[in-house]
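> Can you keep this structure in mind? I'll have questions shortly.
A short reminder: the numbers here are calculations on the coordinates, not readings from a lab. Just so you know, these numbers come straight off a predicted model, no measurement behind them. Methodologically, a virtual Cβ is constructed for each residue, glycine included, from the backbone with ideal geometry; neighbour enumeration extends over all protein chains shown.
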Amino acid sequence: MRVCPAAEVQVDTPKRIEIAGQAIAVVRDSAGDVYAIGDSCTHGEISLSEGFVEDCTLECWAHGSRFSLKTGWPQNLPAYEPVPVYAVEITDDEIFIDPTPIYKDKDD
Ligand code: FES
């Protein structure tokens, strides 16, 4: 599903979108790669897209859990449940996201 032009998602400025009834954080990490993960922190009802990008993680601003952009798993407490990740494709400078949630293993 087409989301937006790739240029709209800048490094360190996550974008919150809703597709197929799901809130998704679209994130470009400091290496320039684009990821999509569930936008709701699993510790509270906080929008992760309002958080901070560090390396390949997105940090919840409320209590500091950092979620892996690759697996959706938090790397530190207090969150201990993963958010889903979504498949991202960039074609002709447009971001496309498959809205099927994927729950990965911690070690993926
Ligand atoms: S609400 Fe996100 S870490 Fe507490």
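> Given the convex hull of the Cα atoms of the chain, what is a quarter of its surface area in nm²?
5.9
> Got a sec? Which residues in the range 2-22 would a label at residue 93 touch, if it sits 7 Å along Cα→Cβ and we count backbone N under 15 Å?
Hits in the range 2-22 for residue 93 at 15 Å: 4-10.
> Using a Förster radius of 41 Å, what is the FRET efficiency between residue 76 and residue 4 based on their Cβ-Cβ separation? Nearest 0.05, please.
On the way: r = 30 Å, r/R0 = 0.74.
Result of the calculation: an efficiency of 0.85.
> Over the chain, what is the relative contact order in percent, taking alpha-carbon pairs closer than 8 angstrom and at least six residues apart?
24 percent.
> Check which residues have an amide H placed less than 5 Å from residue 4's amide H, if you skip close sequence neighbours.
The list, which skips near neighbours in sequence, is 95.
> Quick one: Cα centre-to-centre distance for the range 1-30 and the range 52-75, in angstrom?
15
> Say each of residue 102 and residue 16 gets a label point 7 Å from the Cα, pointing the same way as Cα to Cβ; how far apart are those two points in nm?
Spacing of the two 7 Å Cα→Cβ label points: 2.5 nm.
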